[in-house]
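One structure is given here, and the rest of the page talks about it.
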Amino acid sequence: SSYWLSMSLDAPSSKQIDGSGYRFAIVAARYNETLVDSLIREATATLEAAGAASPIIERTPGSNELPYATSLLAKSGEFDAIIAIGIVIAGATKHHHTIGESTAIALHELSIQTGTSIINGIIVVENHAQAEARAGTEINRGKEFAEAALELAAFSNKWKTKQNQ
């Protein structure tokens, strides 16, 4: 379908968030490692440019393992936000859809259960060219993942502080 063939160039407007004092982690798959590494670099640079300390980076074999690894970090209570990064490229079967949907659901549920902001940075595409278009130099979704993490860390801090007053 054309949904998978075209890429939205839309991005939310950027909010300037002071990242100092927030703790971030990135959990990233080693599958499609070169492209995933590009997303990690962009996310890390964005967090650091906002004044945050360098994020803790942990790796998993593939995207399917990201929810479990993310759950361990979220349950530790050490982080204000966690970014799960992976790239799932279609093969001969529809397995990539299963991975994309199941990990998205798991990460959302985990975020709500733990009260930790978790950013779903798992990109699901039909081919390598689409993956490169999302993890390259012109457009790199790692920046958007980091901006979302910064914004949700600040949002969580605002409302958790109000609850404790």
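Annotations
- All conditions but one from (1) closer than 24 Å to Phe155 by Cβ; (2) crowded, with 17+ Cβ neighbours inside 10 Å apply to Asn64; the one that does not is (1).
- Members of region 20-44 that are in contact (Cβ under 8 Å) with a residue 40 or more places away in the chain and part of a helix (DSSP H, G or I): Leu35, Val36, Ser38, Leu39, Ile40, Arg41, Glu42, Ala43, Thr44
- Elements of type strands (runs of 3 or more DSSP E) contained in region 56-165, each with 1 or more residues being basic (Lys, Arg): 56-60
- Yes/no for Ile57 being under 24 Å from His97 (Cα atoms), modelled with pLDDT of 95 or more and of a type in the set (A, V, I, L, M): no
- Against the criterion of being at pLDDT below 95, open to solvent by 20 Å² or more (accessible area, probe 1.4 Å) and not polar (S, T, N, Q), Lys75 does not qualify.
The values are calculated or read from the model by the stated rules, or taken from the named source; none is laboratory data. Keep in mind it's a predicted model, so treat the numbers as computed, not measured. Glycine gets a Cβ as well: all are built from the backbone with ideal geometry, and neighbour counts include every protein chain shown. Heavy atoms of the whole protein, side chains included, go into the accessibility calculation; ligands, DNA and RNA do not. Shrake-Rupley method; radii C 1.70, N 1.55, O 1.52, S 1.80 Å.
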